Amino acid sequence: MTADDRRRRSRNRKNTPRCLTHTTFPFSLSFFSGKLSVAGRQTILDELVRDGRAEWEDAGVKKRCTIFWKSLEDWASLIYAWAKEEGKIGDIFTLYEIRCSDEQEYTPFYNMHEGTFRSALKVLAEDGRAILFEQEGEEGIKFFDLA
């Protein structure tokens, strides 16, 4: 394995969100003799969700939560900055092209967890920087210039 392969693998691990349940780290630490109540755990995770750093996988039950390496707004801003720098504003792309094509290999969102990627794109759509659509079974995005 080359040094580039190791860096790429390390970067891709950082882009993979961590899914926590109420029994996993950081809620069950071997050196911590006490336990945080379920309500306390949910309060912490709710705050991370409110801050945009996590997302409930099962919003109604609140037993599984994905915690992000960066907030969704941070990911959205990175993707939008890339689109502006690369002259992609006004063009249409499939979500796969942006996330997985070889051209994106050195972007921070290359091979990013698909759910987190989609959530970040929804942030762009909600504030008008992009529109998400589906056509003939392909999901796509078009970026807009808000300048």
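Among residues of region 49-76 that are in contact (Cβ under 8 Å) with a residue 24 or more places away in the chain and farther than 15 Å from GLU114 by Cα, those with a Cβ under 6 angstrom from a residue that is surrounded by 15 or more Cβ atoms within 10 Å (Cβ to Cβ) and among the acidic types (Asp, Glu), sequence gap 6+ or separate chain, pair up as ARG64/GLU57.
Checked against (1) on the phi < 0 side of the Ramachandran plot; (2) part of a loop (DSSP other than H, G, I, E, B); (3) not hydroxyl-bearing (Ser, Thr, Tyr), CYS65 passes all but condition (2). Residue-level check: of (1) loosely packed, with under 12 Cβ neighbours inside 10 Å; (2) of a type in the set (S, T, N, Q); (3) within 18 Å of the chain's Cα centre (by Cα), GLN135 misses just (3).
Go over the candidates GLU103, GLU114 one by one and state the one that is more than 13 Å from the chain's Cα centre (by Cα) and farther than 14 Å from PHE143 by Cβ. Steps first, please.
Values: GLU114 fails: more than 13 Å from the chain's Cα centre (by Cα).
Going through GLU103, GLU114 in turn, the sole match is GLU103.
State yes or no: is VAL49 aliphatic (A, V, I, L, M) and more than 19 Å from the chain's Cα centre (by Cα)? Working first, answer last.
Numbers: aliphatic (A, V, I, L, M): yes; more than 19 Å from the chain's Cα centre (by Cα): no.
When the stated conditions are applied, VAL49 does not pass them.
Restricted to region 82-100, and to residues there that are touching a residue at least 40 places away in the same chain (Cβ under 8 Å) and over 11 Å from GLY140 (Cα atoms), the residue that is surrounded by the most Cβ atoms within 10 Å (Cβ to Cβ) is ALA83.
Looking at region 68-82, which of its residues are farther than 14 Å from ALA130 by Cβ and in contact with a helix residue (DSSP H, G or I) (Cβ under 8 Å, 6 or more places away or on another chain)? Across region 68-82, the qualifying residues are PHE68, TRP69, LYS70. Condition test on ALA130, is it modelled with pLDDT of 95 or more, buried (at least 16 other Cβ atoms within 10 Å of the Cβ) and either in the same structural domain as GLY52 (by TED's automatic domain parsing) or hydrophobic (A, V, I, L, M, F, W, C) (or both)? Judged against the criteria, ALA130 is a match.
Does ASP46 meet the test of being more than 25 Å from ALA130 (Cβ to Cβ), at pLDDT 85 or above and in contact with a strand residue (DSSP E or B) (Cβ under 8 Å, 6 or more places away or on another chain)? Steps first, please.
Numbers: more than 25 Å from ALA130 (Cβ to Cβ): yes; at pLDDT 85 or above: yes; in contact with a strand residue (DSSP E or B) (Cβ under 8 Å, 6 or more places away or on another chain): no.
Taking the combined requirement at face value, the residue does not satisfy it.
The values are calculated or read from the model by the stated rules, or taken from the named source; none is laboratory data. What you are looking at is a predicted structure, and each value in this text was computed from that prediction instead of being measured. Glycine also receives a Cβ, built like all others from the backbone with ideal geometry; neighbour counts cover every protein chain displayed.
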